[in-house]
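The structure under discussion appears below in the form of structure tokens.
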Amino acid sequence: MSSTKRKPLVVVTRRLPDVVETRMRELFDTRLNHEDKPLPPAALAQALQEADVLVPTVTDEIDASLLAQAGPNLRLIANFGNGVDHIDVGVALQRGITVTNTPGVLTEDTADMTMALILAVARRVTEGARIIPEDSWEHGWSPTWMLGRRITGKRLGIVGMGRIGQALARRAKAFGLSIHYHNRRRITARTEQELEATYWESLDQMLARVDIVSVNCPHTPATYHLLSARRLKLLKPAAVVVNTARGEIIDETALARLIEAGEIAGAGLDVFEQEPAVSPRLVKLARAGKVVLLPHMGSATHESRSDMGEKVIINIKTFLDGHRPPDRILPSML
Ligand code: 8YV
């Protein structure tokens, strides 16, 4: 900090819940984004030059060239959100900038949304929900109309058994799904028993055997296109793919192609490779009722977003008080 008297300048790139913004203004010299439009690169660069602390979100691309323009006061990037793949964390750490995130508080809501997508695709919920508002129910009920697929008794393959993966497993178990998972590390025997989860060291083998695949791992260089065209082709034709993690983990073009060809039954996606742009092929499949597309709503509850803000504040406050913030991103996590 250049002066011990002045309050640290915290620049927040997007509008946050009122309660969070109010508290931040009490604690810091806080610069808010009242318009809530994503900052253009030049404005983001200026924020990095001036701030002591930057509070970005998933909509801010903070790459190496932007970080090279950071001012001498920038010591902390306190991300509002769990995923930090929009930040070049390696470069930030090299430049002595600490990066934190907001884990834990959005777990249950994201798992709920994953379950909602599984049900929506299998039971054609969004397709059905359009019928009455569009005045298309003139023939009434029919024994063979709008049939979906039962989820009870099916196999769910979870790719990434961290907090969200485990929260999904707990829900899915209650719905009668059997739980299968692939993860970098096997979870403890106790948790495996509690979730009645089967571990697959080979992702390929798991994919060939499950009915529903859910992506719940972070996006890192190692997980980019983890569900590649080759791996997607291993799925059964009746399989459904759900993604509430990051679009980049799935080869989206291959996914769309396989659904178009009837080699995969459908998908429920909350995240996309080029957000907010969504592939026209996926949009067409959504219109045809084959896929359900949500605009990145996994953690979109009042509770999650307030708790995420609280985490951001705790991380900033702890850091400015000279302590290690609780949610530091360490090189081993990248
Ligand atoms: C957030 C998310 O809304 O936390 C994450 O990683 O994907 C979302 O739930 C978003 O990242 C906020 O920046």
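The values are calculated or read from the model by the stated rules, or taken from the named source; none is laboratory data. The shown structure was predicted, so the numbers you read here are calculated from the model rather than taken from an experiment. We place every Cβ from the backbone using ideal geometry, glycine too, and count neighbours over all the protein chains shown. All accessible areas refer to the heavy atoms of the entire protein, side chains included, with ligands and DNA or RNA removed. Shrake-Rupley method; radii C 1.70, N 1.55, O 1.52, S 1.80 Å.
Scan the range 167-176 and give yes if some residue there is assigned to a loop (DSSP other than H, G, I, E, B), assigned by TED's automatic domain parsing to the domain that holds Asp270, open to solvent by 20 Å² or more (accessible area, probe 1.4 Å) and over 24 Å from Leu294 (Cα atoms), otherwise no. Can you show your working first?
Applying the first criterion (assigned to a loop (DSSP other than H, G, I, E, B)) to the range 167-176 yields 175-176.
Adding the requirement that they be assigned by TED's automatic domain parsing to the domain that holds Asp270 leaves 175-176.
Restricting the remaining residues to those that are open to solvent by 20 Å² or more (accessible area, probe 1.4 Å) gives 175-176.
The next check asks that each one be over 24 Å from Leu294 (Cα atoms); those that pass are 176.
Yes, the conditions are met somewhere in the range 167-176.
Can you run down the residue pairs with Cβ atoms below 7 Å, 6 or more apart or on separate chains, where the first is in the range 278-307 and within 29 Å of Arg163 (Cα to Cα) and the partner is within 15 Å of the ligand (Cβ to nearest atom) and among the β-branched types (Val, Ile, Thr)?
His296/Val271; Gly298/Thr110; Gly298/Thr244; Ser299/Thr110; Ser304/Val105; Ser306/Val20; Asp307/Val105
Do we find that Val159 is closer than 16 Å to Thr244 by Cα, in the same structural domain as Glu273 (by TED's automatic domain parsing), open to solvent by less than 40 Å² (accessible area, probe 1.4 Å) and touching a helix residue (DSSP H, G or I) at 6+ places or on another chain (Cβ under 6 Å) in this structure?
Details: closer than 16 Å to Thr244 by Cα: yes; in the same structural domain as Glu273 (by TED's automatic domain parsing): yes; open to solvent by less than 40 Å² (accessible area, probe 1.4 Å): yes; touching a helix residue (DSSP H, G or I) at 6+ places or on another chain (Cβ under 6 Å): no.
Criteria not met by Val159.
What are the residues in the range 124-156 that are open to solvent by 70 Å² or more (accessible area, probe 1.4 Å) and among the polar types (S, T, N, Q), if any?
Thr144, Thr152
Within the range 114-123, does at least one residue satisfy the condition of being under 18 Å from the mean Cα position of the chain (by Cα), closer than 25 Å to Ile314 by Cβ and open to solvent by 20 Å² or more (accessible area, probe 1.4 Å)?
No: zero hits.
Here is a check on your reading of the model: is Gly148 free of Cβ contacts under 8 Å to residues at least 40 places away in the same chain, part of a loop (DSSP other than H, G, I, E, B) and in contact with a helix residue (DSSP H, G or I) (Cβ under 7 Å, 6 or more places away or on another chain)?
Values: free of Cβ contacts under 8 Å to residues at least 40 places away in the same chain: yes; part of a loop (DSSP other than H, G, I, E, B): yes; in contact with a helix residue (DSSP H, G or I) (Cβ under 7 Å, 6 or more places away or on another chain): yes.
It is true that Gly148 is free of Cβ contacts under 8 Å to residues at least 40 places away in the same chain, part of a loop (DSSP other than H, G, I, E, B) and in contact with a helix residue (DSSP H, G or I) (Cβ under 7 Å, 6 or more places away or on another chain).
Among Ala92, Ala51, which is farther than 16 Å from Leu334 by Cβ, among the aliphatic types (A, V, I, L, M) and in contact (Cβ under 8 Å) with a residue 12 or more places away in the chain?
On the way: Ala92 fails: farther than 16 Å from Leu334 by Cβ.
Unique residue meeting the criteria: Ala51.
With respect to Asp109, is the statement that it is out of contact with any strand residue (DSSP E or B) (no Cβ under 7 Å at 6 or more places or on another chain), open to solvent by 20 Å² or more (accessible area, probe 1.4 Å), near the ligand (Cβ under 9 Å from one of its atoms) and of a type in the set (D, E, K, R) true? Before you say what the answer is, go through the steps one by one.
On the way: out of contact with any strand residue (DSSP E or B) (no Cβ under 7 Å at 6 or more places or on another chain): yes; open to solvent by 20 Å² or more (accessible area, probe 1.4 Å): yes; near the ligand (Cβ under 9 Å from one of its atoms): yes; of a type in the set (D, E, K, R): yes.
Yes; evaluated as a whole, the condition is true for this residue.
Just for the range 314-334: of the residues that are open to solvent by less than 70 Å² (accessible area, probe 1.4 Å) and within 15 Å of the ligand (Cβ to nearest atom), which one is farthest from Ala120 (Cα to Cα)?
Per the stated criteria, the residue is Asn315.
Scan the range 289-313 for residues that are assigned to a helix (DSSP H, G or I) and either open to solvent by 80 Å² or more (accessible area, probe 1.4 Å) or of a type in the set (S, T, N, Q) (or both) and jot them down. Don't jump to the end; show me each part of the working.
Initially, the range 289-313 is screened for residues assigned to a helix (DSSP H, G or I), giving 302-313.
Once the filter is applied, which keeps residues that are assigned to a helix (DSSP H, G or I) and either open to solvent by 80 Å² or more (accessible area, probe 1.4 Å) or of a type in the set (S, T, N, Q) (or both), the range 289-313 yields His302, Glu303, Ser304, Ser306, Glu310.
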